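> Please see the structure below; I have some questions.
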Amino acid sequence: MPKRMLWYFIFLIIVFGTGCEEGGNTAPETSGEETNYFESLCDSVVDQTPVPGIIAGYWSDSSQTAWEYATGFADLMEGKPMETDMYFRIASITKTMVNTVLFQLIDEGLLSMEDTLSQFRPDIPHSNSITLLMLSDMTSGIADYSTHPHFMQMALADPLHIWHPDSLIALGTSLTPLSEPGENWHYSNTNTIILGRIIEQITGKSLADELNDRIFEPCGLFHTTFPETGNDMPEPHPKGYYAGDIGYPVDWSESYDISVAWAAGAVISTLRDLREYAVFLTDGSLMSAESHAFRLQHEVPTTIEGGYYGPGILRYESWYGHLGGLPGFTSVMLRNPMTTETVIIFYNAQLNDHQPADLAKKMIDYLSRSIHAGSRTD
């Protein structure tokens, strides 16, 4: 593995060629100016950038729109087209699920957002001053384990190394804190790894079981899994290309052990499963009304233009969800609970200069202009 690719194992939140053929659209047919525009946006990305393929969806409950679209290549070598039913590494969108379980345990009286880390992990520096809320909204000051020199050395020497969550926590917490607890927002995967371990400590069950029992099964996410280790993906899935810069399109889809992300980003899902989950995430049915209101109202400024971060959830304008990125895969899932619209986009590439969030912003801006122009009644 080229040394320059080492840095692409850093699982940071993702901020707002080659020509490809259009893939299949297996969703119910829809018509209208907006879906035609969305298709042209997707096609322009694969035509004008190195992004091999895109899976995208837009749904509006009020207008009964159900648009699902695939374009470009899932496999560059074989010329296999992208399809809307393919499995995908959703990366940091996983964080919304882990934090949802955290809120459920709070509703059950087992935890409080004001609990300090010292109650669970007194071995972590400054644990007396760090609360669960600070871990959840990324203001703990704890550094990202993926920036530790040992992590980078191991990623280079042994990409299939199986990481124990406590090893990742040890790496992140051994680094100099990024700020005093509660002082500033710093996106750090270590925070969510710690929350995952606290969930296991409180419930006595694996995080995988908790996610399955509390989210996947109740929400009917039958094509969503949380592999704790391993590098394989269920079929059908696209090849995942690139890990930061353009260069040669290396297949990253099964080149690293997913334990490297664990609670911070290990979930594999599909477009339609995420569509269902986005509704549950934003309508409040997964937790008490009090917890849901707090989750959407508590937010801190971020380094993402127009973005605010709450307890395991990102807000952009009136849209809530998260972004995700792993070598070979980038994604965005956003839902506007006011207009009951959902946008989900997958790229089978991780490119610094070409992100699904950029495409989502164009779609959202178009929808906003349509409302102001009076062409929509959502």
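The values are calculated or read from the model by the stated rules, or taken from the named source; none is laboratory data. Quantities reported herein were computed from a predicted structural model and do not represent experimental measurements. Virtual Cβ from ideal backbone geometry, glycine too; neighbours counted across all protein chains shown. Please note that ligands, DNA and RNA were not included when accessible areas were found on the heavy atoms of the full protein model with its side chains. Shrake-Rupley method; radii C 1.70, N 1.55, O 1.52, S 1.80 Å.
> Just order 160-168, 239-247 by mean Cβ neighbour count inside 10 Å, highest at the front, would you?
Values: 160-168: 16.7, 239-247: 21.8.
Put in order of decreasing packing, that is 239-247, 160-168.
> Can you sort Glu83, Glu305 by solvent-accessible area, 1.4 Å probe, largest first? Walk me through the intermediate numbers first.
Details: Glu83 55, Glu305 145 Å².
Per-residue accessible area, sorted high to low, gives Glu305, Glu83.
> If the cut-off is a Cα-Cα distance under 30 Å, which lysines reach Lys80, setting aside same-chain residues fewer than 8 apart in sequence?
By straight Cα distance, Lys80 reaches Lys3, Lys239, Lys361, Lys362.
> Once segment 126-167 is represented by equal point scatterers at the alpha-carbon sites, with solvent omitted, what log10 I(q)/I(0) does the Debye formula produce at q = 0.14 Å⁻¹?
Result of the Debye calculation: -0.46.
> Just grab the label-to-label distance for Lys362 and Glu317, each label 7 Å out from Cα along the Cβ direction, in nm (one decimal).
1.5 nm
> Tell me the Kirkwood hydrodynamic radius of the chain in angstroms, computed as one over the mean inverse distance between distinct C-alpha pairs. It would help to have the intermediate numbers written out before the result.
On the way: mean 1/r = 0.0482 Å⁻¹.
Result for the chain stands at 20.7 Å.
> Would you please report the Å³ per residue occupied by the convex hull of the alpha carbon atoms in segment 187-343?
Working: hull volume 20.6 nm³, N = 157.
Taking the convex hull of the Cα positions in segment 187-343, it is 131 Å³ per residue.
> Taking the alpha-carbon centroid of each part, what is the distance from segment 91-119 to segment 227-306 in angstrom?
If we compute the Cα centre of each part, the gap is 17 Å.
> Let me ask another. From the square roots a ≥ b ≥ c of the eigenvalues of the alpha-carbon gyration tensor of segment 150-209, which class results: rounded (a/c under 1.5), prolate (a/b over b/c), or oblate?
On the way: a/c = 2.49, a/b = 1.00, b/c = 2.49.
Oblate shape, in that a/c is at least 1.5 and b/c is the bigger or equal ratio.
> Follow-up question, since we're still on this one. Considering the Cα positions of segment 97-144, please state its Rg to one decimal place and its Dmax as a whole number of Å.
Cα only, segment 97-144: 10.7, 30 Å (Rg, Dmax).
> Relative to the compact globular guide of 2.2 N^0.38 Å, what is the alpha carbon radius of gyration of segment 215-266, as a ratio? Walk me through the intermediate numbers first.
Working: Rg = 13.3 Å, N = 52, 2.2 N^0.38 = 9.9 Å.
Rounded to two decimals, the normalised Rg is 1.34.
> Could you tell me which of rounded, prolate or oblate describes segment 118-260, using a ≥ b ≥ c as the square roots of the eigenvalues of the alpha-carbon gyration tensor, with rounded for a/c under 1.5 and, failing that, prolate when a/b is larger than b/c and oblate otherwise? Walk me through the numbers before you get to the answer.
On the way: a/c = 2.00, a/b = 1.24, b/c = 1.61.
Verdict is oblate for segment 118-260.
> Once you keep just the Cα pairs under 8 angstrom separated by 6 or more residues, what percentage relative contact order results for segment 231-276? Please report the intermediate quantities before stating the final value.
Numbers: 31 pairs, mean separation 14.8, N = 46.
Relative contact order here is 32 percent.
> Taking a cut-off of 13 Å between Cα atoms, list the aspartates and glutamates near Lys205, but don't count ones fewer than 8 places away on the same chain.
Answer for Lys205, where 13 Å is the Cα cut-off: Asp213, listed by chain and number.
> Across segment 39-119, how large is the tail of the calculated P(r) beyond 22 Å, expressed as a percent of all Cα pairs?
Numbers: 1687 of 3240 pairs.
For segment 39-119, the fraction of Cα-Cα distances above 22 Å is 52 percent.
> Next question. Dimensions of segment 184-270 along principal axes (Cα, Å, largest first)?
Here the Cα extents, ordered largest to smallest, are 45, 37, 21 Å.
> Let me ask something additional. When ligands, DNA and RNA are left out and all protein chains stay put, how many square angstrom of accessible area per residue does the chain have with a 1.4 Å probe?
Details: 14320 Å² over 378 residues.
I get 38 Å² per residue for the chain.
> Another question, then. Round to a whole number: what % of the accessible area of the chain belongs to carbon and sulfur, probe 1.4 Å?
51 percent
> If you take the alpha carbon radius of gyration of segment 250-315 and divide it by 2.2 N^0.38 Å, what ratio comes out, to two decimals?
Values: Rg = 15.2 Å, N = 66, 2.2 N^0.38 = 10.8 Å.
Cα Rg divided by the expected 2.2 N^0.38 Å: 1.41.
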